[in-house]
Amino acid sequence: MLSLTHTDEGSSVEEYLRSQIRTIADWPRQGIQFRDITTLLENPQAWKKTADVLAQRYSKMEFDRIGALDARGFLIGSTLSYLLDKPLVLFRKKGKLPAKTLCVAYDLEYGQAELEMHADSVSPGDKVLLVDDLIATGGTLLAADQLIRKAGASTLEAAAIINLPDLKGADRLNATGIATFSLCSFAGE
């Protein structure tokens, strides 16, 4: 993981953001440690730090669009779209977008889902930064990359607030050539 700048309090950004994320045991089912970013979003200083660090990282990179994953990725994506003056591409669950879409099916832990994007939201040759709240198994981010490639474009990187390394999503993304970046990580599921 990239070394992050320090906050005024002397702790690293990663330590600070980890302290702002609530863990809820056994939700949505027994054995899961749910990492809840709503506590981070409720704290204006923590949300500003999150947005500032991401904007600083991506302000120096060349890319064309920001792809935001349904639903918490929309918060990150729209904020970065505003700060970096980049068009926003929404990746939604099937049936949620009103115009002509591209669609891909992908595997979930227990079953399948379908992800869509508007067919005209990405142009051939575009580079797209994908953003979501966390990288778990990587399935939804990989599906978004498939849609980007269907449109003749490419993925710059997959970025998230949280990485869950035990679920190997970042490893799966990296194995397919997609670089990953996260602001903090939590061991365990």
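Selection within the range 135-189: residues that are within 15 Å of the chain's Cα centre (by Cα), farther than 22 Å from MET61 by Cα and of a type in the set (Gly, Ala, Ser). The member of this set that is modelled with the lowest pLDDT is ALA136. The strands (runs of 3 or more DSSP E) found wholly in the range 25-113 and carrying at least 1 residues that are polar (S, T, N, Q) occupy 33-36, 101-108. Just one of the numbered conditions (1) within 22 Å of ALA113 (Cβ to Cβ); (2) touching a residue at least 24 places away in the same chain (Cβ under 8 Å) is not true of ARG65: (1).
Rundown of residues vs (1) at pLDDT below 95; (2) basic (Lys, Arg); (3) crowded, with 16+ Cβ neighbours inside 10 Å; (4) more than 13 Å from ASP132 (Cα to Cα), yes/no style:
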| site | (1), (2), (3), (4) |
| --- | --- |
| GLN45 | no, no, no, yes |
| VAL53 | no, no, yes, yes |
| ASP64 | no, no, yes, yes |
| LEU69 | no, no, yes, no |
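Scanning the range 27-41 for residues that are over 16 Å from the mean Cα position of the chain (by Cα) and either of a type in the set (A, V, I, L, M) or modelled with pLDDT of 95 or more (or both) gives ILE32, THR39.
Search the range 141-189 for residues being of a type in the set (S, T, N, Q) and not in a helix (DSSP H, G or I), and hand back the single one that is surrounded by the fewest Cβ atoms within 10 Å (Cβ to Cβ).
Here the residue is THR176.
The values are calculated or read from the model by the stated rules, or taken from the named source; none is laboratory data. What you see is a predicted model; the values in this text were computed from it and never measured. Here Cβ is always computed from backbone atoms with ideal geometry, including for glycine, and neighbour counts include all displayed protein chains.
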